[in-house]
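S.K.: Below: one structure in structure tokens.
The values are calculated or read from the model by the stated rules, or taken from the named source; none is laboratory data. Owing to the predicted nature of the structure, the values given are computational and were not obtained by experimental measurement. Positions of Cβ are backbone-derived with ideal geometry, glycine not excepted, and every protein chain shown enters the neighbour counts.
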Amino acid sequence: MITALVLVKLVSGKEGQALEEIKKVPGVAHVSAVFGRWDLVLDMETEDLPTLSNTVVHKIRPIPGVLSTETLVTTAM
């Protein structure tokens, strides 16, 4: 199991529509709205790294209203 935080910047005025679509993406375990450089932090859980990459690149980034993403793969400490 791979876990990651995906930081998402949204287009102004399309936040609500994008948020609803992001919540439907398989692998998105939790969504937090935040203040600052990023608008959302997604807690992601996928089977492996290729699935995580595919989900971000092919399912999250194409959502209308998503401007950019940054993925932080988590590690056990």
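S.K.: Among the residues of the stretch 29-58, how many are in contact with an Asp or Glu (Cβ under 9 Å, 6 or more places away or on another chain), surrounded by 13 or more Cβ atoms within 10 Å (Cβ to Cβ) and free of Cβ contacts under 8 Å to residues at least 24 places away in the same chain?
M.R.: So the answer is 1.
S.K.: Which of the residues belonging to the stretch 52-68 are within 10 Å of the chain's Cα centre (by Cα) and among the polar types (S, T, N, Q)?
M.R.: Those that are within 10 Å of the chain's Cα centre (by Cα) and among the polar types (S, T, N, Q): Thr55, Ser68.
S.K.: Taking the conditions exactly as written (surrounded by fewer than 16 Cβ atoms within 10 Å (Cβ to Cβ), on the phi > 0 side of the Ramachandran plot and free of Cβ contacts under 8 Å to residues at least 12 places away in the same chain), does Gly16 satisfy them or not? Working first, answer last.
M.R.: Numbers: surrounded by fewer than 16 Cβ atoms within 10 Å (Cβ to Cβ): yes; on the phi > 0 side of the Ramachandran plot: no; free of Cβ contacts under 8 Å to residues at least 12 places away in the same chain: yes.
For Gly16, the condition - surrounded by fewer than 16 Cβ atoms within 10 Å (Cβ to Cβ), on the phi > 0 side of the Ramachandran plot and free of Cβ contacts under 8 Å to residues at least 12 places away in the same chain - is not met.
S.K.: Do we have any residue at all in the stretch 14-21 that's more than 18 Å from Thr3 (Cβ to Cβ), of a type in the set (Asp, Glu), modelled with pLDDT under 95 and more than 10 Å from the chain's Cα centre (by Cα)?
M.R.: Within the stretch 14-21, the first condition is being more than 18 Å from Thr3 (Cβ to Cβ), and the residues that meet it are 14-21.
Going one step further and asking which of them are of a type in the set (Asp, Glu), we end up with 15, 20-21.
Retained after the next criterion (residues that are modelled with pLDDT under 95): 15.
Of the ones still in play, those that are also more than 10 Å from the chain's Cα centre (by Cα) are 15.
Yes - at least one qualifying residue is present in the stretch 14-21.
S.K.: In contact with a strand residue (DSSP E or B) (Cβ under 9 Å, 6 or more places away or on another chain), of a type in the set (S, T, N, Q) and within 16 Å of Lys9 (Cα to Cα): is that true of Ser53 in this structure? Before the answer, list the steps.
M.R.: Values: in contact with a strand residue (DSSP E or B) (Cβ under 9 Å, 6 or more places away or on another chain): yes; of a type in the set (S, T, N, Q): yes; within 16 Å of Lys9 (Cα to Cα): no.
No, not satisfied.
S.K.: Would you point out the residue of the stretch 1-56, among those that are out of contact with any Gly (no Cβ under 8 Å at 6 or more places or on another chain), assigned to a strand (DSSP E or B) and charged (D, E, K, R), that is farthest from Thr71 (Cα to Cα)?
M.R.: That would be Lys9.
S.K.: Right, here's the next one. How many residues, within the stretch 4-13, are surrounded by 15 or more Cβ atoms within 10 Å (Cβ to Cβ) and touching a helix residue (DSSP H, G or I) at 6+ places or on another chain (Cβ under 9 Å)?
M.R.: Residues flagged as surrounded by 15 or more Cβ atoms within 10 Å (Cβ to Cβ) and touching a helix residue (DSSP H, G or I) at 6+ places or on another chain (Cβ under 9 Å) within the stretch 4-13 amount to 4.
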